[in-house]
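Below is one structure, written out as structure tokens; comments come after it.
The values are calculated or read from the model by the stated rules, or taken from the named source; none is laboratory data. Owing to the predicted nature of the structure, the values given are computational and were not obtained by experimental measurement. Quick reminder, even Gly has a Cβ in these numbers, built from the backbone with ideal geometry, and neighbours come from all protein chains shown. Calculation scope for accessible area: heavy atoms of the full protein, side chains included, ligands and nucleic acids excluded. Shrake-Rupley method; radii C 1.70, N 1.55, O 1.52, S 1.80 Å.
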Amino acid sequence: MVYNVRSLGLHGITGYSVSVECDLSSGLPAFTIVGLPDAAVNEARERVRAAIKNCGFSFPVSRITVNLAPAHVKKIGTLYDLPILVGLLAAAGQLKIKAKDCAFVGELSLSGKLRPAAGILPMALHAKAEGIRALFVPSANAAEATLAGGPEVYPVDHVMDLVRHFTGEGGGGGGGGGG
């Protein structure tokens with residue numbers, strides 16, 4: 001099954017849209033990221049795998065292909081950890097995302113906590129121009145993202161905060177899984 005998640009990237013000082021397409025298919029288990037990823041993007045495989053397991057989810061045992069489009073633009077940094085995790089969980093049926101007009105940006109720790117990302121303001125400005133209504137960013141970047149004057153910014157401290165948001169469960173702050 002293929003699941004598409006919206007994200008954003010940074011080219012110089014300009015934000016741009018990135019489509020994170022996550023495909024789970026039969027075959028020998030593998031985890032491949034395509035679409036001109038740099039070393040930090042490729043290392044997302046290990047951060048995402050650990051975060052999924054440490055948050056109590058099952059890592060999909062299948063052939064996983066993640067395409068970061070547009071494929072002709074080099075993807076740099078750790079911005080894509082969160083959208084890759086969201087896409088994999090959604091493709092595996094472990095997380096139901098109700099809003100298609102939202103975007104995700106953020107680096108994951110192995111426990112599922114989010115770390116701040118650089119260049120959030122230009123990405124938030126691009127999100128606003130693209131009509132994205134909800135932007136999920138690390139809590140440390142939320143104030144910067146709100147300077148764009150839209151979309152609505154949702155600060156995320158931990159993957160479980162995001163899960164609670166989409167499942168409608170109460171609570172907030174720090175999430176499970178430790179630090």
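Some notes on this structure:
- Remark on residue 95: its backbone amide H falls under 5 Å from those of 90, a criterion applied only to residues 5 or more positions apart or on other chains, H modelled at 1.01 Å from N.
- Environment charge of residue 36, counting only residues whose C-beta is closer than 11 Å and scoring Lys/Arg +1, Asp/Glu -1: +1
- If R0 is taken as 25 Å, the Cβ-Cβ distance between residue 101 and residue 63 corresponds to a FRET efficiency of 0.25.
- Cα-centred dipole magnitude for the range 13-68, charges only on beta-carbon of K, R (+1) and D, E (-1), debye, nearest 20: 200
- Summing Lys and Arg as +1 and Asp and Glu as -1 over all other residues whose Cβ lies under 13 Å from the Cβ of residue 135 gives a net charge of -1.
- Accessible area of the chain divided out per residue, in Å², using a probe of 1.4 angstrom: 44
- The accessible surface of the range 63-131, taken with every protein chain in place and a 1.4 Å probe, is 60 percent carbon and sulfur.
- Its Cα centre serving as origin, the chain has a Cβ charge dipole (Lys and Arg +1, Asp and Glu -1) of approximately 240 debye.
- Ranked by how many other beta carbons lie within 10 Å on average, peptides 124-131, 147-154 from highest: 124-131, 147-154
- Phi-based couplings in Hz for the range 54-64 (Karplus 6.51, -1.76, 1.60; Gly and Pro marked x): 6, 9, x, 9, 9, 6, x, 9, 7, 7, 9
- Counting lysine pairs in the chain that sit 8 or more residues apart in sequence, or on different chains, and whose Cα atoms lie under 25 Å apart gives 14.
- Relative contact order of the chain, defined on C-alpha pairs under 8 angstrom at six or more residues apart (%): 22
- Listed residues 105, 34, 18, most fluctuating in the chain (Gaussian network, C-alpha, under 10 Å): 34
- For the range 40-179, share of DSSP beta bridges that run antiparallel, in % to the nearest 5: 25
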